[in-house]
Amino acid sequence: MFKNYLTTAFRNLIKNKVHSFINIAGLSLGMAVTILIGLWIYDELSYNKNFENYDTIAQVIQNVTNNGEVQTWKSVPYPLAEELRRNYGNNFKRVVMAVDFGDHILGYNDKKLTKTGIYFEKHGPEMFSLKMLLGYKSLNDPTSVLISASAAKAYFGNQDPLNKILKIDNQHDVKVTGVYEDFPRNSSFVDLSFISTWELFYNTPDGVKTFEDPWRPNFATIFVQLNDHGDINKINANIRDAKLKKVNPQLAKKKPQLFLQPMSKMHLYDEYKNGVNVGGAIQYVWMFGVIGVFVLLLACINFMNLSTARSEKRAKEVGIRKTIGSLRSQLIFQFFNESLLTVVFAFAFSLLLVQLSLPFFNGVSGKQMSILWGNPLFWVLSIGFTIVTALVSGIYPALYLSSFKPVKVLKGTFKSGRLAVIPRKALVILQFTISVSLIIGTIVVYQQIQFAKNRPVGYSRNGLVAIPVINSVIHDHLDAVKNELMRSGTVTAIAESSSSTTSIGGSSSGFSWRGKDPNLSVDFGTVYCSYDYGKTIGWHVKEGRDFSKDFLSDSSALILNEAAVHFMGLKNPVGETITWFNNTLKVIGVVNDMVMESPYDEPRPIVFNLATGPGNVTIVKINPAVSTRAALNNIEPIFKKFNPEQPFDYQFADEEYAKKFSNEERVGKLASFFAVLAIIISCLGLFGLTSFVAEQRTKEIGVRKVLGASVLNLWGMLSKEFVILVTLSFLIAVPVSYYFMHGWLQNYQYRAALSWWIFAAAGIGAMVITLFTISFQAIKAALANPVKSLRSE
């Protein structure tokens, strides 16, 4: 019996080639989208699961009250690690501190490369279960270093790297004691090339051991490994005031409260507002998961509509089978087998589509995903996925087709009736409601990105290059470097700064001013810069003046941004006296707010102060008359001349600023990709329905042509019904998409408005696509020779 059903199903697929192609193509696209999204979600949900202690690792973070709001900081003072071990150690198996996770110069002989590294306490490699390829994961020797497999390959090729001597930042000689396997892309430690010891970092001359109050600066990251079956809520209550008990009265005003963020939430739940977790990347997991379900539903709807639309052609078959004794359950099983066979073919094609599109999809999503061919779970889920898809797409047609009365069918009086088309119309409306909503969502995402990109940044990004520095060599020879660059005609200005223009390297409290609430704890962004900083970046001085060598008193001067002036409530800021801890400083100028952090947030208060030592970056302004490549070719040898120990690295301000939009742009590209596929799937179904309607009304069209109807009249008649359905879809999609996209925009302080033209453009676009899709079949039917269709009459 099953073989008979399978044979019949296969014959029906071959017999109705166009119908079968549309069904398989639509289902293949829908299933491919769902598989791609499934792989992406799997990658997101498996973030950091490469660590054996994933379920028991957490990060210590803190809520502090600053500027009248609760802020969540992921960095803490370094003495906190020992405090947790000494007085709260019964809660943890391990407490490990990590510092300075960033770029460093790692050198071996004459080969010096910029690599990402970190300084760990000795139990760090054990907590994070490094997979060692060579040597040991121990960091007991303060001068040891562990390097990644890719770093070992870069420095030593096929040679044995163990016991080789490397130099970190041209300061520390370290011995390679182990080589670990590179971390996967979906890991918080991706691209980590080396791990050295906390003792090495601590004993750096003029380093952290010289801090007057080590509980004041927050620059360390602390990870803990909980005891088995540890209650994180009880531990949070226990350690909450561990920092508060140690800080001075001034810092106690910040009311620091510690708590643990489990590793399972570090990636997907990393956003906090007013001290409360508000989600993070998990919103995109849900969003794309819903999109995947909807796109697959669109493909299933095509199958339902085309199967039920051709019901009259299957009616006699059902009648005969029932007459000779077939039960309805057997007919349902037969039709379900047809849908299952179609879905199996579609699934096979969808795997091919996924394999072909993965390079593009990985490029857009920034991942390295692949089909999990060797994973048994993948095949179990695939079988379940195929069966569920077959059920969703085939259950309604099976129930509908098996319900025909054999008497009416065999007497030739069977007609599907007007009520039979209502479900089909409802499904078409649902299809285009989803498609139009996706179009609107894509437009809103891109509008938000463009809105933020067009925001005034308060300085000139064009030709601005930040060159990181790790020592004082360039600072000690800054005038000589500047003279050579100027003589070459390559740059127009050069300055030093504690951070680039696309970030704020640090922040500070301890500010007081006239009229300040003594109980108010503040935290302002702080930028230390040289005299020509403002000239180099092209900021706009709104009030007062810039730093100048003509005024010796500028060593005790501050420049504020507008946000700082507004927060302090200063009506006439220039000339005001600001106390910064024990230093009295004078405000000499106010500059326009600069977008140095997220382009979607309001600028925070920033103070600019003249640096007394070397900065973290040297900023140069390239002469617009010189090409970028030529300018870099001139700048590099000059920097290497004065600082040969450091590789020449640079960052363009406009490129670094563009990276701030990478997450939203990635979401926009993925959304547009899925929206296009959703439209294609919907149009495939529309094409099939149009061809069926045209075939069903062939004689009517012939009669109308004989009576004088024009091609335009007939095209309008065949198109009218579908235009009405798409219009209804648009009317439903507008409030639905407005509700969801308005909620999405609330995640941004600086956001675009939901303009009427977005909805109008989506509606017009959907209508044009609909008319284009149905016009081929409608015009073809209208141009057909009426003699052929009316010959039998």
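Go through the residues of the range 140-160 one by one and say whether even a single one is open to solvent by 10 Å² or more (accessible area, probe 1.4 Å), over 16 Å from Lys115 (Cβ atoms), in a strand (DSSP E or B) and modelled with pLDDT of 90 or more.
no
Tell me which residues, restricted to the range 541-599, are farther than 21 Å from Arg461 by Cβ, assigned to a strand (DSSP E or B) and open to solvent by 30 Å² or more (accessible area, probe 1.4 Å).
Residues satisfying the conditions are Glu543, Gly544, Thr577, Thr579, Asn583, Thr584, Lys586.
Looking at this structure, is Ala495 part of a strand (DSSP E or B) and modelled with pLDDT of 90 or more?
Details: part of a strand (DSSP E or B): yes; modelled with pLDDT of 90 or more: yes.
Answer is yes for this residue.
Please verify whether the range 549-557 includes one or more residues that are without any contact (Cβ under 8 Å) to a residue 60 or more places away in the chain and either closer than 13 Å to Trp513 by Cβ or touching a helix residue (DSSP H, G or I) at 6+ places or on another chain (Cβ under 9 Å) (or both).
First pass over the range 549-557, keeping only residues without any contact (Cβ under 8 Å) to a residue 60 or more places away in the chain: 549-557.
So of that shortlist, the ones also either closer than 13 Å to Trp513 by Cβ or touching a helix residue (DSSP H, G or I) at 6+ places or on another chain (Cβ under 9 Å) (or both) come out as none.
No, the range 549-557 contains no residue that is without any contact (Cβ under 8 Å) to a residue 60 or more places away in the chain and either closer than 13 Å to Trp513 by Cβ or touching a helix residue (DSSP H, G or I) at 6+ places or on another chain (Cβ under 9 Å) (or both).
Taking the criterion of being open to solvent by 40 Å² or more (accessible area, probe 1.4 Å) and more than 20 Å from Pro217 (Cα to Cα), would at least one residue in the range 70-83 satisfy it? Give the steps one after another, and end with the answer.
Of the range 70-83, the ones open to solvent by 40 Å² or more (accessible area, probe 1.4 Å) are 70, 73-74, 82.
With the extra rule that they be more than 20 Å from Pro217 (Cα to Cα), the set shrinks to none.
Scanning the range 70-83 turns up no residue that is open to solvent by 40 Å² or more (accessible area, probe 1.4 Å) and more than 20 Å from Pro217 (Cα to Cα).
Quick one: would you say Pro214 is open to solvent by 30 Å² or more (accessible area, probe 1.4 Å), touching a residue at least 12 places away in the same chain (Cβ under 8 Å), more than 26 Å from Glu126 (Cα to Cα) and not charged (D, E, K, R)?
Values: open to solvent by 30 Å² or more (accessible area, probe 1.4 Å): yes; touching a residue at least 12 places away in the same chain (Cβ under 8 Å): yes; more than 26 Å from Glu126 (Cα to Cα): yes; not charged (D, E, K, R): yes.
Here the answer is yes, as Pro214 does meet what is asked.
Do we find a residue being farther than 26 Å from Ala766 by Cβ and either modelled with pLDDT under 90 or not charged (D, E, K, R) (or both) anywhere in the range 435-453?
Residues of the range 435-453 that are farther than 26 Å from Ala766 by Cβ, as a first pass: 452-453.
Remaining after also requiring either modelled with pLDDT under 90 or not charged (D, E, K, R) (or both): 452-453.
Yes - at least one qualifying residue is present in the range 435-453.
So, in the range 59-75, how many residues would count as being at pLDDT 95 or above and hydrophobic (A, V, I, L, M, F, W, C)?
Qualifying residue count for the region: 2.
Looking at the range 125-137, which of its residues are hydroxyl-bearing (Ser, Thr, Tyr) and under 17 Å from Asn53 (Cβ atoms)?
Filtering the range 125-137 for residues hydroxyl-bearing (Ser, Thr, Tyr) gives 129, 136.
Of everything in the range 125-137, just one residue is hydroxyl-bearing (Ser, Thr, Tyr) and under 17 Å from Asn53 (Cβ atoms), namely Ser129.
Output the residues belonging to the range 23-63 that are in a strand (DSSP E or B) and touching a Gly at 6+ places or on another chain (Cβ under 9 Å).
Taking the range 23-63 first, the residues in a strand (DSSP E or B) are 57-63.
Residue satisfying the conditions is Asn63 alone.
Let me spell it out: the conditions are (1) open to solvent by less than 50 Å² (accessible area, probe 1.4 Å); (2) in a helix (DSSP H, G or I); (3) modelled with pLDDT of 80 or more, and Gly688 meets all of them except one. Which number is the exception?
The single condition Gly688 does not satisfy is (3).
Could you give every pair whose Cβ atoms fall below 7 Å, whose first residue belongs to the range 111-139 and is farther than 24 Å from Asn203 by Cβ, and whose second residue is open to solvent by 70 Å² or more (accessible area, probe 1.4 Å), counting only separations of at least 6 or pairs across chains?
Ser129/Glu52; Lys131/Glu181; Leu133/Glu181
For a quick check of your reading of the model, give me the residue pairs whose first member lies in the range 606-622 and is modelled with pLDDT under 90, whose second is hydroxyl-bearing (Ser, Thr, Tyr) and open to solvent by less than 10 Å² (accessible area, probe 1.4 Å), with beta-carbon atoms closer than 6 Å and at least 6 apart or on different chains.
Listed by first residue and then by second, the contacts come to Gly615/Ser497.
Restricting the range 114-139 to residues that are open to solvent by less than 60 Å² (accessible area, probe 1.4 Å) and aliphatic (A, V, I, L, M), which is nearest to Gln225 (Cα to Cα)?
Within the range 114-139, the subset open to solvent by less than 60 Å² (accessible area, probe 1.4 Å) is 114-121, 124-125, 127-130, 132, 135, 138-139.
Restricting the remaining residues to those that are aliphatic (A, V, I, L, M) gives 118, 127, 130, 132, 139.
Values: Ile118: 19, Met127: 7, Leu130: 15, Met132: 20, Leu139: 18 Å.
Selected residue: Met127.
Applying the selection to the range 253-273, what residues are under 20 Å from Asn66 (Cα atoms), out of contact with any helix residue (DSSP H, G or I) (no Cβ under 8 Å at 6 or more places or on another chain) and touching a residue at least 60 places away in the same chain (Cβ under 8 Å)?
Lys253, Lys254, Lys255, Pro256, Gln257, Tyr272 - these are the residues of the range 253-273 that are under 20 Å from Asn66 (Cα atoms), out of contact with any helix residue (DSSP H, G or I) (no Cβ under 8 Å at 6 or more places or on another chain) and touching a residue at least 60 places away in the same chain (Cβ under 8 Å).
Against the condition among the aliphatic types (A, V, I, L, M) and open to solvent by 70 Å² or more (accessible area, probe 1.4 Å), how does Ile195 come out, does it pass?
Values: among the aliphatic types (A, V, I, L, M): yes; open to solvent by 70 Å² or more (accessible area, probe 1.4 Å): no.
So Ile195 does not fit the description; no.
Among the residues of the range 548-607, how many are closer than 28 Å to Asn248 by Cα, over 40 Å from the mean Cα position of the chain (by Cα) and among the basic types (Lys, Arg)?
Number of matching residues: 1.
Tell me, please, whether a residue that is outside any loop (DSSP other than H, G, I, E, B) and farther than 15 Å from Phe128 by Cβ can be found in the range 182-189.
Applying the first criterion (outside any loop (DSSP other than H, G, I, E, B)) to the range 182-189 yields none.
Checked against the condition, which is being outside any loop (DSSP other than H, G, I, E, B) and farther than 15 Å from Phe128 by Cβ, the range 182-189 yields no hits at all.
Glu496 - would you say it is closer than 14 Å to Tyr533 by Cα, open to solvent by 10 Å² or more (accessible area, probe 1.4 Å), in contact (Cβ under 8 Å) with a residue 60 or more places away in the chain and not polar (S, T, N, Q)? If you could, list the steps in order and put the result at the bottom.
Working: closer than 14 Å to Tyr533 by Cα: yes; open to solvent by 10 Å² or more (accessible area, probe 1.4 Å): yes; in contact (Cβ under 8 Å) with a residue 60 or more places away in the chain: yes; not polar (S, T, N, Q): yes.
So Glu496 passes the test.
The values are calculated or read from the model by the stated rules, or taken from the named source; none is laboratory data. Keep in mind that this is a model prediction, so the values were computed, not measured. In this analysis, Cβ positions are derived from the backbone assuming ideal geometry, glycine residues included, and neighbour counts consider all displayed protein chains. SASA here: full protein model, heavy atoms, side chains in, ligands and nucleic acids out. Shrake-Rupley method; radii C 1.70, N 1.55, O 1.52, S 1.80 Å.
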